[in-house]
Amino acid sequence: FLSLEDLTDKIEVVVFPGIIQRNPSAFQENKIVLVSGRVDLRDGVPKLICEEIEEILEKEEITEL
C-alpha cells in the first residue's frame, strides 16, 4: 500500500509487486507520478487499485537525459 496526495486530498493505493518491478524508480518518496487503475469502494473507503504508474520527469531531469 501507498498513499498519494495532492493539494486537495489523499488516497490509499494498492500496488502489486509486478507493477513495482516494472517501474521501481516511480516508488520513491516525493516523486511526481501519473497513476491509472480502478477504484475499489469496499468497506466504504475509496482505494485506487494501481494498474499502471509512470514517473513524470521534471524539466531539469529531462535536460540531463
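Apart from one condition, residue 46 fits all of (1) over 10 Å from the mean Cα position of the chain (by Cα); (2) surrounded by 10 or more Cβ atoms within 10 Å (Cβ to Cβ); (3) under 24 Å from residue 58 (Cα atoms); the exception is (3).
For region 1-25, a tally of residues being surrounded by 10 or more Cβ atoms within 10 Å (Cβ to Cβ) and touching a strand residue (DSSP E or B) at 6+ places or on another chain (Cβ under 7 Å) returns 9. Within region 26-39, being surrounded by 13 or more Cβ atoms within 10 Å (Cβ to Cβ) and either more than 15 Å from residue 3 (Cβ to Cβ) or touching a Ser or Thr at 6+ places or on another chain (Cβ under 9 Å) (or both) holds for one residue alone: 31.
We did not get these values from a lab; they are worked out from the coordinates using the rules stated. Source: prediction; values computed, not measured. Cβ: placed from backbone, ideal geometry, glycine included. Neighbour counts: every protein chain shown.
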